[in-house]
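Values in this text are rule-based calculations from the coordinates and carry no lab data. Since this is a predicted model, take the numbers as computed values, not measurements. With ideal geometry, Cβ positions are generated from the backbone for all residues, glycine too; neighbour counts draw on all protein chains shown.
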Amino acid sequence: MKKVLSMLGPHKVPLILSIFFATVNTVMQLFIPLYTSKIVDEGILGENMQRLLELCLVMLGFTVLSIITSIANTYFSTKTSVGYSITLRNYIFDKVSRLSQSDIDKIGVSSLVTRTTNDVRQVHDIVLSTLKSLIPIPIMLVGGLAMAFYMNPKLARLSLLSIPVLMVLAIIIIAIIVPMYSKVQKLVDKMNQIMREKISGIRVIRAFNKTQYEDNRFADTNLELTGLGLRAARIMACFIPVLTVLLYSLICVVIYLSVDAANYLDVETQYEQIRATLPNMFAFITFFGLIISAITSVVSILVSIPRAVISGKRIKAIMEAVSDIVLPENPVTPKEEDAGKLEFSNVSFKYKPRPAEKKKKFALKKKKTEEKPQKPFELKNISFASAPGETTAIIGITGSGKTTLCNLIPRLYDVTEGEIKIAGVNVKDLSPEEIGKRIAFIPQTAYLFSGTIRDNICFGKKDATDAEIWRALEIAQAKSFVDSLPDGLDSFVSQAGKNFSGGQKQRLSIARAIVKGAEIIVFDDSFSALDLATDARLRASLRENLSDVNIVIVAQRVGTVLNADRIIVLDNGEPVGMGTHRELLESCELYREIVVTQLSEEALEEVNGNE
Amino acid sequence: MSKKNKAAIPETEYQSRYSAYRGDRKEESKPENAKGTFLRFISLIKPYAVPMFFVVLTSMLSTLCNVIAPRFMGSTINILQEQIDVRLSGGVIDFTATYGQVKILAALYLSASFFSFLQEFISAGVSQRLVCGLRADLNAKLSHLPLSYYDKQTKGQVISKIVNDIENVSGSLKSSILTVMTSVIQVVGSFVMMCISGNLPMTFAAICLVPVSALVSYKVSRISKVWFRRYWDTMGDLNGHIEEMYAGHTIVRMFGHEDESVKEFRTITERLGKNSFMANMISGILSPVLTLINNLNYVSLCLLGGVFFIGIKNGTIPANAFGGIGDISTFLSYSSQFSNPIINVSKIINNIQSSLASAERVFNMLDELDEKPDVSTNDHKDVLHGEVEFRDVSFRYVEDRPLIDDLSFVAKPGSITAIVGPTGAGKTTIVNLLMRFYDVNSGTITIDGTDIYTMSRDALRANFGMVLQDTWLFKGTIRENIKYGRQDASDEDMIEAAKAAQIYDYIMSLPEGFDTPLTEDAANISQGQRQLLTIARAILVDPKVLILDEATSSVDTKTEQRIQTAMNELMKGRTSFVIAHRLSTIKNADNILVMKKGAIVEQGTHEGLLKADGFYALLYNSQYTDGIPPED
């Protein structure tokens, strides 16, 4: 929470001003009981019309001042909290933009979105209400007591009685109510998760006849939440009335004792003091009234704190996430003649152990903190070099590290051992801009952004002309369907490209990469949603039109890789074969097995016969 | 996406740029039928009529006590003042005269506290149960909504309705209704008490500024409402932008789009900040302004009371017009009892507005049409043979766009039927119809001669094991996920299923084995591994009919073949349907349905279809040769 609050730094000035005005405002408010007492004392009981008018005007003055300071407080506290939430959001967004995909996956996109929007709002709300309502409370208590001592030390000592009462109440709040509400918050989170899973898995749930089971799971949490919420609400229900009764009784005692005190005063010498008994009493009653309303509002703020703390923790997790990728201090600019070259030398990779251990700190079971066994290598000893105009294909069984290999090229992850060179320079020495300029990457699942088709294609090259866009679409076999849309390039793409089929999305994302005119294009199984005919046409057109591009391609279908200059066969992260289709048929057992599963006997013979 | 400069952009441009995010949110910004929604909101309380009656009763009693109390407070103070005057003239203060008043006061305050406790206590029960019920209703609704509803809405929207809106409703339900109710009672009560006191000038002074407060509150809340709405709209824009940028993170990074995206984000947060500032500032000013008006009242009451008091003493005002110094205190209390409720109500007007808007969204969802109820509760779960027949089936998702027309085919018991064809041909639709995720427009589907529409959905689906394109796994361990379809399965069975799905070795290679937790969306394992897990899950159910819809699209062909070998063993004597792009997957099928634009264009075995040299042959050959088939 401290770290999250440290983002208040840039807003020191309005923050301090806001606290300043809150203080002034509170002091102003304390003058009101003082002047009430004076009005009653000097004006009314003193039967002095002139004085009454004067005092009323002074009081009016205080009122106006207190309003002005209160508005100033509102202004600065709003400015602080709004500015703070902007800073916080910008920080989070910048941070997330720099994180690697694996960091993002760890937290989950939906959770990241909630953290950037809703959680920040929770923290904003609590900062705002703290500045507006919480800060004045201690000032009010201390100032009130000071004022009471100034007016009548004897009565003031009596009102010190309220302190233990308030302490007990504070302890009750902190020890019982706050933990209760943080438990409620956890249940709410759990329920959201159940709902989320239910909605995203609706088909599977129905297919497995699990509706009843899911309903029960939901009902259990719902009832638990209701029960806890009810208990918390009922404790709160006792809280305010008990508090009121306590303070009223205190008022009674104060009134009794203060009036009774008049009996022990000497009428002759202490006439004035006796006369002032009632006005003082007025002031005390008003003062207690202020305390009651202050405490009531404190309680409502305190109750919302657990929620804000949980939000704060979630934000903190993002702030503390360490990006795996360290940017080079002195980026190297590659030589012109090396453009388009890609080289892997002895590359090995394993995922870093997840930093989830930290969370278990709070778990009671200590056993769990035993060291986890080392994660196995995802990739081992990959070496190859490819030049512009060549096609390198990667094939292998599920989980063999194909996607991981692709992700290493644009430095989405850092290699554990060995090095990757792009245009003759280690990727770790290239600036992200340089990498982005030289590599186009087409991930497994095509992702489009909302906007128009043109917007999406221009993602690759901001100033692409229509002719360039159409050419890219044509190469990606997307021209005919874009042509058939009524709005052509200006057709609307909804969020995540929902209004296009899987195959169409893949083709558009390929076009987006092509328009970029990169030296190296990486296709990570990006043809999987295409039917075979389109797949074949697309491959042919890629070969024809991108003759000077270095292509890296991951595929499941042997047909896709058949004509590659170099096929790398991965098994459990290790290269078990490298070469052309024909070479591998000869030398690589695994490759042959994969081919056999796909080609009919005749086709296989045909391939072999061609040799 | 589009280029822009860092400077603030004009309103119109902003609106047009972000209208995309708002497409589906129009109805949400404002309760359209506020009155109807409010009435329905109130009608939710009906089942709790008895406790609600007590809530109203206790809150009336408690307010009543609070309204009467200042009168006795005033008279107590009057008596004390008299006693002090006695003391000043040399006598002794005698408290006995006040005992009667103090007793009444104590009784009043105690009962006020007690009643307000009761009211809070009972209403907490009502509101918690009400919200619990509302959540349960929505959950039940989710279980009964047809799948087409989920297709139309984005996940985020549905989730937001359930999570944010319910919370919003529950948050302000209790406080809003109760605040309004007690406020009304308090205002009326104080007014009546002031009139009873018979001091018209003081009464007038106490209430003359109330219309001003009301007017100010009304005006301010109207302005702040506009800003709040802008705030929520911009919040939606922000949400949209973030969601896209986070979800497309890799693309953003790879295409060097971070700066643009950050710039765009800044534009939106700046705007959000401005709207948020205005909304909070304007609504924040309301409270000091009302306090000012309130304090003006306070001062004028002090002044007027003083004038009366001094006037009586001087004899310029008849003594019966005013009771004494205690009356000032009484009126001060009334004045605050009169204006505080107005301040409170004006403070929660925004809450009420937004909770009504949320309630409306919840109601809209509750009003969605359910799936057609099951015609029969006929639970004859045991399909003996598993013969599936489609007869003249027609279906369309959208009224005027026919998708499947007069489709007929028979899948013999124990046979493998493969469905192939280009994207959008209607392959998955067949599965959707068979599972009754959607209902046919015309025609019949039978299993072993029984029309599936005469069976209950549960009974029907109990016969199927299904592996979908969409690999849904939940947050939990691998064990829990595999056993999802059959929770009572033994570990041996689970291991068998994992072995058959070729995922056993992988699971055992993980440090925690079957107890490895899967994260949200199972992002910690690869797409291919996710598919294998869903296959293991389906195998464990041991169904009569197995449906594989692109179940192995991200699995390599070698693993796939091993799965198939295991599956073939399992599927002996059972009917299965396989949808695949990869034709190698379906070579062994007994019958291949080749679909194109919602119709079956060819049908037969792999060899037969190749010989026929039609569409299938074209598709198949394009896989290996350089022959490029023409576009369709």
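Calculate, in whole percent, how much of the Cα-Cα pair population of segment B:471-542 lies beyond 18 Å.
Taking all Cα-Cα pairs of segment B:471-542, the fraction more than 18 Å apart is 24 percent.
Whole-Hz ³J(HN,Hα) for each residue in segment A:84-95, computed from phi via Karplus 6.51 cos²θ - 1.76 cosθ + 1.60 with θ = phi - 60°, x for glycine and proline: what do you get?
Coupling constants for segment A:84-95: 4, 5, 5, 4, 4, 5, 4, 4, 4, 5, 4, 4 Hz.
Over 30 Å between C-alpha atoms is what I'm after, so list which of A:K95/B:K483; A:K3/A:K461; A:K479/B:K263; A:K380/A:K461; B:K46/B:K372 land there.
Table pairs above 30 Å Cα-Cα are A:K95/B:K483; A:K3/A:K461; A:K479/B:K263; A:K380/A:K461.
Relative contact order for chain A using alpha-carbon pairs under 8 Å, separation at least 6, rounded to a whole percent?
14
Tell me the Rg and the Dmax, in Å, that the Cα atoms of segment A:1-131 produce.
Every Cα atom of segment A:1-131 included, Rg and Dmax give 23.3, 80 Å.
For a protection proxy built on the mean count of beta-carbon atoms within 10 angstrom, sort A:277-290, A:206-219 highest first, please.
A:277-290, A:206-219
In 5 Å bins starting at 0, how do the alpha-carbon pair distances of segment A:29-80 split up by percent?
6, 20, 22, 16, 12, 9, 7, 5, 3, 1
Please identify every one of the GluC sites (Glu not before Pro) in segment B:439-537 that sits in a loop by DSSP and has no more than 14 other beta carbons within 10 Å of its own beta carbon.
Those that pass, being in a loop and sparsely packed, are B:E512.
What is the mean number of Cβ atoms from other protein chains located within 10 Å of the Cβ atom of each residue in peptide A:506-516, rounded to a whole number?
1
Expressed as a fraction of 2.2 N^0.38 Å, the rule-of-thumb size for a compact globular protein of N residues, what is the C-alpha radius of gyration of segment B:226-284?
So the Cα radius of gyration is 1.32 times the expected 2.2 N^0.38 Å.
Show log10 I(q)/I(0) for chain A at q = 0.11 Å⁻¹, two decimals, from a solvent-free Debye sum over equal Cα scatterers.
-1.16
In whole angstrom, how far apart do the alpha carbon centroids of segment A:292-323 and segment B:48-105 sit?
Computed from Cα coordinates, the inter-centre distance equals 41 Å.
Mind checking Rg over Rh on the protein assembly as shown, alpha carbons, Kirkwood formula for Rh?
1.07
Peptide A:531-542: average number of partner chain Cβ atoms within 10 Å per residue?
That average works out to 6.
Using DSSP to call loops (not H, G, I, E or B), can you name the chymotrypsin sites (Phe, Trp or Tyr not before Pro) in segment B:77-136 whose Cβ has at most 16 other Cβ atoms within 10 angstrom?
Sites meeting the loop and neighbour criteria: B:F95.
Quantify how strongly other chains surround peptide A:31-41 by giving the mean number of their Cβ atoms within 10 Å of each of its Cβ atoms.
2
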